[in-house]
Amino acid sequence: MQTSKFIPHASVQKLLDFFVITGSIDTDPNISQECLDAADALIHSRGQDYAGKMLIILERFIEFAEEFTHESVHHAIVLIGTLAGYLDKAGQKKLVGTFEKMLLLLMRSPAKGGSELVN
């Protein structure tokens with residue numbers, strides 16, 4: 001079953017925004033993980049058509065990452081890694097600054113063995 005046929009064009013950005021900005025910061029780890037999984041599936045199904053717009057949402061999350069939990073930030077980092085394969089050359093070049101910001105965030109994360117998610 002192709003999920004992309006069932007997701008209207010107008011809903012793609014709204015869904016990713018919800019999964020990342022609202023869902024990934026939920027205090028229930030099960031909900032947070034389900035939102036990460038749903039965002040990952042959305043990127044895989046619609047990333048080719050919406051990579052640039054999806055990157056804007058993820059970059060916005062990273063920009064304000066200090067306001068979110070370390071695990072939520074790690075979720076966003078994983079999603080950016082997933083999205084990177086769908087970006088054109090210009091989008092990939094734009095990621096350099098985002099990756100620098102992500103590295104700083106990872107260095108600030110607690111040193112409790114690191115994040116299994118990011119690893």
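Here are the numbers:
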item	result
Extreme residue, nearest to residue 90 (Cα to Cα), among residues of region 19-48 that are surrounded by 14 or more Cβ atoms within 10 Å (Cβ to Cβ) and among the acidic types (Asp, Glu)	40
Hey, residue 51 within 11 Å of the chain's Cα centre (by Cα), surrounded by 12 or more Cβ atoms within 10 Å (Cβ to Cβ) and either more than 16 Å from residue 81 (Cα to Cα) or at pLDDT 90 or above (or both) or not	no
Contacts under 9 angstrom Cβ, first residue in region 43-72 being on the phi < 0 side of the Ramachandran plot and in contact (Cβ under 8 Å) with a residue 24 or more places away in the chain, partner part of a loop (DSSP other than H, G, I, E, B) and of a type in the set (Asp, Glu), 6 or more apart	51/88; 52/88; 72/26
Residues of region 9-38 classified as outside any helix (DSSP H, G or I) and touching a residue at least 40 places away in the same chain (Cβ under 8 Å), total	0
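The values are calculated or read from the model by the stated rules, or taken from the named source; none is laboratory data. None of these values were measured; they are calculated from a predicted model. Positions of Cβ are generated from backbone atoms using ideal geometry, with glycine treated the same way; all protein chains shown enter the neighbour counts.
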